[in-house]
Amino acid sequence: MVLSIKRREAQECLSSLCCSQEKNTFIQNKYRQLRDIFEAHPELANRENSDGLTPLGYAAHFGKKDAVQVLLDYGADIDAVSHSKITFIPSNTALHAAIAGERNVDVIRLLLVNKAQTNIFDSNGHTCLHTASFHDDNLEIIRLLIEHGADVNSKAEGGETALSVAISQGHHNVAELLRQNRAEQ
């Protein structure tokens, strides 16, 4: 019962942090509250919400670097694949979520520095590089992924590569960057 209440409290706290654009005392108090909850119940750092999303993936999606750091500090599994129950959100890792969401480079870098795996497939059959290739403005993110071991020739189900995604989306800059890194169609 107490754990269930703390879980709900942690989810509400994380939710308010992710939905807020503010950097004030209220937000700082929420970060302290989050740390206090995880200090007492570190297992909550890996407990999915009712939608099947991991706390780390949720925070990463919304580009909340401080929340991502708190979760990592309390043992969040950086490569955990969510079990999304939301039809338009694939089951994925925090790194996928960061790239599909706000695309905060600082959050993505933080995940990569903490050894997030770049070649895990989401439930759509995409690696993080595939996901990044859906956007023409992700050159810095794509460079980071490649620097951290992303396989430029990894194939999704049906043989689709990140390069073929970029080409089909008309993202010539992305396609050129991938080709420069020995990507094949």
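The values are calculated or read from the model by the stated rules, or taken from the named source; none is laboratory data. What you see is a predicted model, and the numbers here were worked out from it, not measured in a lab. Every residue, glycine among them, receives a Cβ derived from its backbone with ideal geometry; neighbour counts consider all protein chains shown. What goes into the accessible areas is simple: the full protein's heavy atoms, side chains included, and nothing from ligands, DNA or RNA. Shrake-Rupley method; radii C 1.70, N 1.55, O 1.52, S 1.80 Å.
Taking every residue in segment 81-107 that is farther than 17 Å from residue 136 by Cα and pairing it with any residue that is charged (D, E, K, R), at least 6 positions away or on another chain, the pairs with Cβ-Cβ distances below 6 Å are 85/51; 86/51; 90/122; 92/122; 93/79; 106/65; 107/65.
Being surrounded by fewer than 18 Cβ atoms within 10 Å (Cβ to Cβ) and either out of contact with any helix residue (DSSP H, G or I) (no Cβ under 7 Å at 6 or more places or on another chain) or under 17 Å from residue 179 (Cβ atoms) (or both) holds for only one residue in 161, 127, 87, and it is 87.
Please verify whether residue 123 is in contact with a Pro (Cβ under 9 Å, 6 or more places away or on another chain) and either under 26 Å from residue 88 (Cβ atoms) or modelled with pLDDT of 95 or more (or both), treating the condition exactly as stated. Even if it seems obvious, please write down each step before you answer.
Working: in contact with a Pro (Cβ under 9 Å, 6 or more places away or on another chain): yes; either under 26 Å from residue 88 (Cβ atoms) or modelled with pLDDT of 95 or more (or both): yes.
Criteria met by residue 123.
Select from segment 38-62 the residues that are of a type in the set (D, E, K, R) and part of a loop (DSSP other than H, G, I, E, B) and write down the one among them that is farthest from residue 27 (Cα to Cα). So, considering only residues that are of a type in the set (D, E, K, R) and part of a loop (DSSP other than H, G, I, E, B), the one farthest from residue 27 (Cα to Cα) is 51. With respect to residue 15, determine if the residue is in a helix (DSSP H, G or I) and surrounded by fewer than 18 Cβ atoms within 10 Å (Cβ to Cβ). Here the answer is yes, as residue 15 does meet what is asked. Tallying residues that are in a loop (DSSP other than H, G, I, E, B), out of contact with any Cys (no Cβ under 9 Å at 6 or more places or on another chain) and not β-branched (Val, Ile, Thr) within segment 63-82 yields 7. Check segment 65-76 and report whether any residue there is loosely packed, with under 15 Cβ neighbours inside 10 Å, out of contact with any strand residue (DSSP E or B) (no Cβ under 8 Å at 6 or more places or on another chain) and at pLDDT 95 or above. Yes - at least one qualifying residue is present in segment 65-76. Just one of the listed residues (34, 56, 44) is out of contact with any Gly (no Cβ under 8 Å at 6 or more places or on another chain) and either of a type in the set (Phe, Trp, Tyr) or modelled with pLDDT of 95 or more (or both), namely 56. Please verify whether segment 108-118 includes one or more residues that are touching a Cys at 6+ places or on another chain (Cβ under 8 Å), within 24 Å of residue 12 (Cβ to Cβ) and of a type in the set (Ser, Thr, Tyr). No, segment 108-118 contains no residue that is touching a Cys at 6+ places or on another chain (Cβ under 8 Å), within 24 Å of residue 12 (Cβ to Cβ) and of a type in the set (Ser, Thr, Tyr).
Would you confirm whether any residue within segment 96-109 is of a type in the set (Asp, Glu) and either at pLDDT 95 or above or under 13 Å from the mean Cα position of the chain (by Cα) (or both)? Yes - at least one qualifying residue is present in segment 96-109. Remark: pairs (first residue in segment 113-127, within 23 Å of residue 75 (Cβ to Cβ); second residue open to solvent by 90 Å² or more (accessible area, probe 1.4 Å) and modelled with pLDDT under 95; Cβ separation under 7 Å; 6+ apart in sequence or on different chains) are absent.
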